[in-house]
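Rule-based calculations on the coordinates, nothing more; no lab input. The structure displayed is predicted, hence computed values, not measured ones. Cβ coordinates were reconstructed from backbone atoms using ideal geometry, including for glycine residues, and neighbour counts include every protein chain displayed.
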Amino acid sequence: QVQLVESGGGLVQPGGSLRLSCAASGIDFSRHGMTWYRQAPGNQREFVAFINNDGRTGYRDSVKGRFTIARDNAKNTLYLQMDSLKPEDTAVYYCYTNRGPNDYWGRGTQVTVSS
């Protein structure tokens, strides 16, 4: 059974930093691309960043230069380092992967950026 469990969210002031984690189990983690999404109230879920199994990364334009996605295959864990946070980054952040036709989502972790 594939499980993705996010952690690390919280309340932070504008300009602050947070590091999100996503612990994966039930998959051969090193072989899978992993993605972070987010969903703000009233908005659709949107792509934030991905990292392929070969380490290649990609980001949505609004987070480039502020967010860094990384993975630790030895720990089966995905990370999202978020710096210079802005109020518009407020959302529930989800990690995602897929295996064949199946999609797997975590339950999300809330990030609130407010003074």
Problem - Residues of the stretch 88-106 with amide N under 17 Å of the 7 Å Cα→Cβ point at Glu46 - result: 88-95
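Within a Cβ distance under 15 Å of Arg99, other residues only, what is the Lys/Arg minus Asp/Glu net charge? Display every interim value, and only then the final one.
On the way: positive: Arg31; negative: Asp28, Asp103.
Here the count lands on -1.
Restricting attention to the stretch 27-115, which trypsin sites (Lys or Arg not before Pro) occupy a DSSP loop and are surrounded by at most 13 other Cβ atoms within 10 Å? Show your work: numbers first, answer last.
On the way: sites: Arg31, Arg38, Arg45, Arg56, Arg60, Lys64, Arg66, Arg71, Lys75, Arg99, Arg107; in loops: Arg45, Arg56, Arg60, Lys64, Arg66, Lys75, Arg107.
In loop regions of the stretch 27-115 (DSSP not H, G, I, E or B), the sparsely surrounded trypsin sites (Lys or Arg not before Pro) are Arg56, Lys64, Lys75, Arg107.
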Practice task
Just need the relative contact order of the chain here, percent rounded to a whole number, with Cα pairs under 8 Å and 6+ apart.
Solution key: 36
Practice task
Put one equal scatterer on each alpha carbon of the stretch 28-96, apply the Debye formula with no solvent term, and list log10 I(q)/I(0) at q = 0.21, 0.22, 0.24 1/Å to two decimals.
Solution key: -0.87, -0.94, -1.08
Practice task
Please work out, to two decimal places, the log10 of the ratio I(q)/I(0) at q = 0.09, 0.15, 0.23 Å⁻¹ from a Debye calculation in which every Cα of the chain carries one identical scatterer.
Solution key: -0.21, -0.59, -1.35
Practice task
With θ set to phi - 60°, apply the Karplus curve 6.51 cos²θ - 1.76 cosθ + 1.60 along the stretch 76-86 and write out the HN-Hα couplings as whole Hz, x wherever there is a Gly or Pro.
Solution key: 6, 10, 9, 10, 9, 8, 10, 10, 6, 5, 10
